[in-house]
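Mind looking over this structure? Questions follow.
The values are calculated or read from the model by the stated rules, or taken from the named source; none is laboratory data. Not measured: the values here are computed from a predicted model. Note that each Cβ is placed from the backbone with ideal geometry, even for glycine, and that neighbours are counted across all protein chains shown.
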């Protein structure tokens, strides 16, 4: 086993306080509490049943309360103010992250990525092998300046469509594409929120600020090796999987039941009709004339000539027809052998529950989904498992981040869902949304990047100013900004900053750093650097990458100072390690999207992601020490 791997494991034991072979000065109670709370927080962040927002707020509140009841004053006489744990809400890194989330949403909302999708789709018709490489490169390049989630959402349906058309398995395409966006995201300070956090925390600790493209060259070098692996090797490691989203389940049809004179339903209340069908029928409306609808209240009395608007499977609709003595019509024609039920006006789409969705932790019933969106939900897909879809299980299932709803409805309703922006719509059969505001959005994003890259103003200011321009130029509305901002991201960032502050000011960071140096005594500087980066890579695949990055940054700086090595190099070890979210589906949101769309299993990510992690890790373990001369 490589030395750096052994050191990485032993360091994690030290951080938990269980390694006894090294003689260290005893920790103060406040430092022990900060370390214990950090470990507890990392465990909480892995619990799916507890919303990440809840875990984050618990950490912040516990820190504030505990340091209020038990004040801490350092040996130099500096008192740690409990209110400072809330300072993360105004931290420059969080401001920049929020500004970029809004600006990135403007790119998606206006359809500015549409030409890219169309171009890649056309390219696949000429050379599939070459097209895979171009797709990986384009995905990585876009992710360097735009959040990778909309890029993955844009390309998923295109790649699925291409795979079906070329009779290739999508398994060898989708995961490499998703992982390529992660490689691209680590090349600039704005590529991911993790990068922004690491750079900002390092600057807070007195290091010279790392500019937008300062680590682009080493990241591009390591990323290029990773792209070659994803192009030539990863597809061969992945077994053929059938995308679960291809299983559409039972078709739901919209039709109406004409009530003839003398039938069972003639003169009955709606409640009596529902009882006759044993509670199965759901009436959306009662049409009295061509232009008049009656609200389907329970005591509404049905008359001859009325038409009941219903949505259900063909078999159920025919059962309703027989049980209440009605005549079934669809699209203006009586349903019979010559005019069977048809789905020409019906459309299937996949709606992804993303970070900005109002459906997280809510059921379809609680959100009145069918009434609000006028769509019928056929199935829920979650982390490779298909939940029961009919007839009641789906409506009472609390939804989670990354879940995919398979829905059916009219083209108009699907388009309306896209406009609202409540979901990420994976829909390969419809044209990508494009508006006349797309050039404006691209121009604003370019301006944000240029102003920050040239050092005219910090990215936090340029991103917020760009967000305002998005509103003033009508690329976004204020309700769009509400959807663009993720409460989960905001709270995890603030909690991570609070933990990092507690660890640093109580001396816990220096303790862990000293333990690391003592443990690695006699080892080469490159092995120490490599072990730290590997530890971050392991943590980011288990817990939040933002938490791992913010907590790891002050430790990395302390280690570098003890060793007398360039602190910036060790900061980059944390940054690159925290970006290696390749080996598990829960490591990053886009991994879940790819998993659901491609029908992958957990072990598929391990099979393709672990080699990629090792390749990138070893590449940086060689490149960074050479660049910094140690």
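Evaluate the stretch 121-129: report whether one residue or more is under 23 Å from residue 418 (Cβ atoms) and at pLDDT below 90.
yes
Test of understanding: among 114, 92, 81, 53, which residue is surrounded by fewer than 20 Cβ atoms within 10 Å (Cβ to Cβ), touching a residue at least 60 places away in the same chain (Cβ under 8 Å) and out of contact with any helix residue (DSSP H, G or I) (no Cβ under 6 Å at 6 or more places or on another chain)?
Residue meeting the stated conditions: 114.
Is it true that some residue in the stretch 77-85 is under 28 Å from the mean Cα position of the chain (by Cα) and in a helix (DSSP H, G or I)?
Scanning the stretch 77-85 turns up at least one residue that is under 28 Å from the mean Cα position of the chain (by Cα) and in a helix (DSSP H, G or I).
Out of the stretch 593-630, which residues are in a helix (DSSP H, G or I) and under 18 Å from the mean Cα position of the chain (by Cα)? So that I can check it myself, show each step before the final result.
Here is the first cut: in the stretch 593-630, the residues in a helix (DSSP H, G or I) are 593-598, 602-628.
Within the stretch 593-630, 593, 594, 595, 596, 597, 598, 602, 605, 609 qualify.
Out of curiosity, is residue 608 crowded, with 24+ Cβ neighbours inside 10 Å and under 21 Å from residue 155 (Cα atoms)? If you could, list the steps in order and put the result at the bottom.
On the way: crowded, with 24+ Cβ neighbours inside 10 Å: yes; under 21 Å from residue 155 (Cα atoms): yes.
It is true that residue 608 is crowded, with 24+ Cβ neighbours inside 10 Å and under 21 Å from residue 155 (Cα atoms).
Assigned to a helix (DSSP H, G or I), over 23 Å from the mean Cα position of the chain (by Cα) and within 28 Å of residue 43 (Cα to Cα) - does that describe any residue in the stretch 157-173?
Scanning the stretch 157-173 turns up no residue that is assigned to a helix (DSSP H, G or I), over 23 Å from the mean Cα position of the chain (by Cα) and within 28 Å of residue 43 (Cα to Cα).
Just checking, does the stretch 466-476 include any residue being crowded, with 18+ Cβ neighbours inside 10 Å, in contact with a helix residue (DSSP H, G or I) (Cβ under 7 Å, 6 or more places away or on another chain) and not in a helix (DSSP H, G or I)?
Within the stretch 466-476, one or more residues are crowded, with 18+ Cβ neighbours inside 10 Å, in contact with a helix residue (DSSP H, G or I) (Cβ under 7 Å, 6 or more places away or on another chain) and not in a helix (DSSP H, G or I).
Checking the conditions here, which among 218, 176, 235, 239 is modelled with pLDDT of 80 or more, more than 30 Å from residue 445 (Cα to Cα), in a helix (DSSP H, G or I) and not assigned by TED's automatic domain parsing to the domain that holds residue 318?
Numbers: 218 fails: more than 30 Å from residue 445 (Cα to Cα); 176 fails: more than 30 Å from residue 445 (Cα to Cα); 239 fails: in a helix (DSSP H, G or I).
Going through 218, 176, 235, 239 in turn, the sole match is 235.
Right, next: Looking at the stretch 397-411, which of its residues are surrounded by fewer than 22 Cβ atoms within 10 Å (Cβ to Cβ) and either at pLDDT below 75 or assigned to a strand (DSSP E or B) (or both)?
401, 410, 411
Out of curiosity, is residue 64 outside any helix (DSSP H, G or I) and closer than 23 Å to residue 28 by Cα?
No: the conditions fail for residue 64.
Working only within the stretch 273-286, note down all residues that are modelled with pLDDT of 80 or more and over 21 Å from residue 377 (Cα atoms).
Once the filter is applied, which keeps residues that are modelled with pLDDT of 80 or more and over 21 Å from residue 377 (Cα atoms), the stretch 273-286 yields 273, 274, 275, 276, 277, 286.
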